[in-house]
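To start, the structure itself, in structure tokens.
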Amino acid sequence: MSSMNSRAAAVLGVSIAIGLLGLGALLGRSAIRFREYERTVTVKGLSEREYPADVVLWPIQFTAADNDQTALYGRVEADSATIKAFLLEHGIDASEISVAPPAVTDRLAQQYGGDARVPFRYAALQTITVYSPHVDRVRAVMKEVVALGRSGITLAGESYGNQTQYLFERLNEVKPGMIEEATRNARSVAEKFAADSDSRLGKIRQANQGQFSISDRDANTPHIKRVRIVSTIEYYLSD
């Protein structure tokens with residue numbers, strides 16, 4: 001009985017060993033086929049275009065000073081009215097003009113730097129902003145703003161955080177065409193790689209559209225915007 005059990009165990013062991021060897025060979029061939037199927041190439045496709053800005057945000061700042069606070073506010077109101085009239089006369093619509101409350105400083109009341117010898121106790125900074133889709137028209141008016149200085153208004157130069165801005169708000173309109181162009185450029189690069197490696201280009205394995213970026217064309221032409229996208233696409237390769 002013991003002899004029969006031993007023979008049965010031996011047969012079972014041999015059968016298991018043969019099965020494992022066969023399974024190993026099968027898995028090995030499958031792994032080879034899988035690796036062949038997983039041959040890929042990853043490429044990048046670029047689309048870059050230039051568009052004119054479609055909105056301009058133009059802050060006009062001016063200053064005024066006086067020893068009488070009431071007189072100062074009166075002067076600020078008068079200068080604001082002069083600037084608004086100037087803008088309207090040059091074709092800027094009233095709905096595109098906004099006036100912020102003036103920022104008034106009492107120089108003698110300042111905690112630091114108070115000096116009784118300052119020529120004017122009160123100083124005001126006023127900002128009038130033009131927000132318009134008529135970029136070319138506003139740019140033309142900017143060239144004429146020196147006339148306000150001749151009328152006695154003290155214009156403040158642009159400072160950090162208070163600069164003219166040009167915006168591009170039609171990104172959704174141009175997205176489809178640019179994505180298509182970036183994808184087409186990526187496929188062209190992939191096809192060249194496949195040809196050079198004696199392979200055939202297959203389907204897309206995965207794709208990353210990438211992020212759109214909008215920047216000024218250069219420091220001197222901020223009203224011209226450069227829109228850019230880089231797509232990353234991975235293709236299958238086959239022999």
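Results for (1) under 18 Å from Q61 (Cβ atoms); (2) loosely packed, with under 14 Cβ neighbours inside 10 Å; (3) within 25 Å of the chain's Cα centre (by Cα), shown as yes or no for each residue.
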| position | (1), (2), (3) |
| --- | --- |
| K143 | yes, yes, no |
| V146 | yes, yes, no |
| G149 | yes, yes, no |
| Q163 | yes, yes, yes |
| K175 | no, no, yes |
Check the range 96-118 and report whether any residue there is in contact with a Lys or Arg (Cβ under 7 Å, 6 or more places away or on another chain), in a strand (DSSP E or B), closer than 25 Å to E169 by Cβ and not acidic (D, E). yes
Can you name the residue in the range 217-239 that is part of a strand (DSSP E or B) and β-branched (V, I, T) and is also nearest to the chain's Cα centre (by Cα) among such residues? V227
Among the residues listed as E89, E48, E158, E144, the single one being of a type in the set (D, E) and touching a Ser or Thr at 6+ places or on another chain (Cβ under 8 Å): E158
With the requirement that a residue be in a helix (DSSP H, G or I) and either assigned by TED's automatic domain parsing to the domain that holds I204 or surrounded by fewer than 14 Cβ atoms within 10 Å (Cβ to Cβ) (or both), what does the range 37-76 give you? Y37, Q69, T70, A71, G74
Just checking, does the range 215-232 include any residue being closer than 19 Å to W58 by Cα and in contact with a Leu (Cβ under 9 Å, 6 or more places away or on another chain)? yes
Flag if R121 is surrounded by 17 or more Cβ atoms within 10 Å (Cβ to Cβ) and either modelled with pLDDT under 95 or not assigned by TED's automatic domain parsing to the domain that holds A64 (or both): yes
Only one of I92, I128, I83 that is in a loop (DSSP other than H, G, I, E, B), surrounded by 13 or more Cβ atoms within 10 Å (Cβ to Cβ) and touching a residue at least 40 places away in the same chain (Cβ under 8 Å): I92
Please go through the range 184-216 and give me each residue that is part of a loop (DSSP other than H, G, I, E, B) and surrounded by 14 or more Cβ atoms within 10 Å (Cβ to Cβ), ordered by number. S199, Q209, G210, F212
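The values are calculated or read from the model by the stated rules, or taken from the named source; none is laboratory data. Because the structure is predicted, anything quoted here is derived from the model rather than measured. Counting neighbours? That spans all protein chains shown, and the Cβs are built from the backbone with ideal geometry, glycine included.
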